[in-house]
Amino acid sequence: FTEFCYSSPYIILSSAILHKLKRHPLIYLNLILASSSMNKFINKKIEWADVIQVEEHWQFDWIYKLNKGRKKIVLDTQNVEFILAKESAKKEIKLNFSNSVLDSIFQKEKCALERADLVFAASEEDKKWFAENYHITQDKIKIIPNGVDTRDFKPTRENERLKIKEELNLKDKIIILFSGTAYHYPNIESLQFIKSLDASINRKDIVFLICGSIG
């Protein structure tokens, strides 16, 4: 399995401008990629591959059109993006989630699930939602739960942990860490839960450390 991560100043600049305009950059990703210099690069990789796995549905249409039915395509979903966007539309989020934007997300996600030869979902709930709302056969959807590769990610050694605590002036505290972006609705929900938990615990020795733009 080989993963290719590729970007360019054009893609980064386009995404930044859309974000400034309070547009959802991912909705336009197919158009951005199609107008970039990546077609030649991806075509070579499609020729080389036996199977293509696309991460999330945002760039699926672009890959699907370039592939032209040559290779099987697996769609790897991280969430039900339409649900996330719908929930985000109810909250104070710095992006525009109008009805037309929500409809676009729904159609893009539906189209990707319909066209993919195989779909990976992160949970039984996501699988059921996809099947019921996009009318996708459940046999086509396989569950790959979120997890951690414990061969690469290991607990920090005790002496290193104590040293970092001292540097943060939190030597005798129990630290509970949460990290995430502010533009992901589940993170906002989690932060609200942590705040309510912090208020109810009322213990001086516990510190909730919030990192990332959610902080």
Quiz item: Roughly how large, in nm² to one decimal, is the mean projection of the convex hull of the alpha-carbon atoms in the chain?
Solution: 15.4
Quiz item: Ordering His57, His19 by how much accessible area each has at a 1.4 Å probe, largest first, what is the list?
Solution: His19, His57
Quiz item: Within segment 96-215, how many Lys pairs sit with Cα atoms under 24 Å apart, leaving out pairs fewer than 8 places apart on the same chain?
Solution: 27
Quiz item: Taking segment 10-109, which trypsin sites (Lys or Arg not before Pro) meet the DSSP loop condition and have no more than 11 other C-beta atoms within 10 Å?
Solution: Lys22, Lys68, Lys90, Lys91, Lys94
Practice problem: Would you mind finding the longest exposed-site-free stretch of the chain, with exposed chymotrypsin sites (Phe, Trp or Tyr not before Pro) meaning DSSP loop and at most 13 other Cβ atoms within 10 Å? | Solution: 7-152
Practice problem: Answer with one residue from Ala112, Ser35, Phe60: the one whose Cα lies farthest towards the positive end of the charge dipole of segment 1-126, charges on Cβ with Lys, Arg +1 and Asp, Glu -1. | Solution: Ser35
Quiz item: Got a sec to turn the phi values of segment 73-81 into Karplus ³J(HN,Hα) couplings, 6.51 cos²θ - 1.76 cosθ + 1.60 with θ = phi - 60°, whole Hz, x for Gly and Pro?
Solution: 10, 9, 9, 9, 9, 9, 8, 8, 5
Quiz item: Given +1 on the Cβ of Lys and Arg, -1 on the Cβ of Asp and Glu, and no further charges, what dipole in debye does the chain carry about its Cα centre, rounded to the nearest 20?
Solution: 500
Self-check item: Dipole of the chain, positive end: most advanced residue of Ile201, Gln138, Ser98 [Cβ charges, Cα centre]
Solution: Ser98
Quiz item: Can you give the charge dipole size of segment 1-108 about its Cα centre, rounded to the nearest 20 debye, using +1 on the beta carbon of Lys and Arg and -1 on the beta carbon of Asp and Glu?
Solution: 320
Quiz item: Dipole magnitude of segment 106-148 about its Cα centre, charges +1 at Lys/Arg Cβ and -1 at Asp/Glu Cβ only, in debye to the nearest 20?
Solution: 120
Exercise. Quick one: pull the percent of accessible area on the chain belonging to carbon and sulfur, 1.4 Å probe, ligands and nucleic acids left out.
Key: 54
Self-check item: Accessible area (Å², per residue) of the chain, counting only protein heavy atoms and a probe of 1.4 Å
Solution: 66
Exercise. Could you pull out the GluC sites (Glu not before Pro) across segment 48-93 that fall in loop regions by DSSP (anything but H, G, I, E, B) with no more than 10 other Cβ atoms inside 10 Å?
Key: Glu92
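The values are calculated or read from the model by the stated rules, or taken from the named source; none is laboratory data. Computed from a predicted structure; not experimentally measured. Here the Cβ is made from the backbone with ideal geometry for all residues, glycine too, and neighbour counts use every protein chain on show. Side chains included, ligands, DNA and RNA excluded: accessible areas come from the protein's heavy atoms. Shrake-Rupley method; radii C 1.70, N 1.55, O 1.52, S 1.80 Å.
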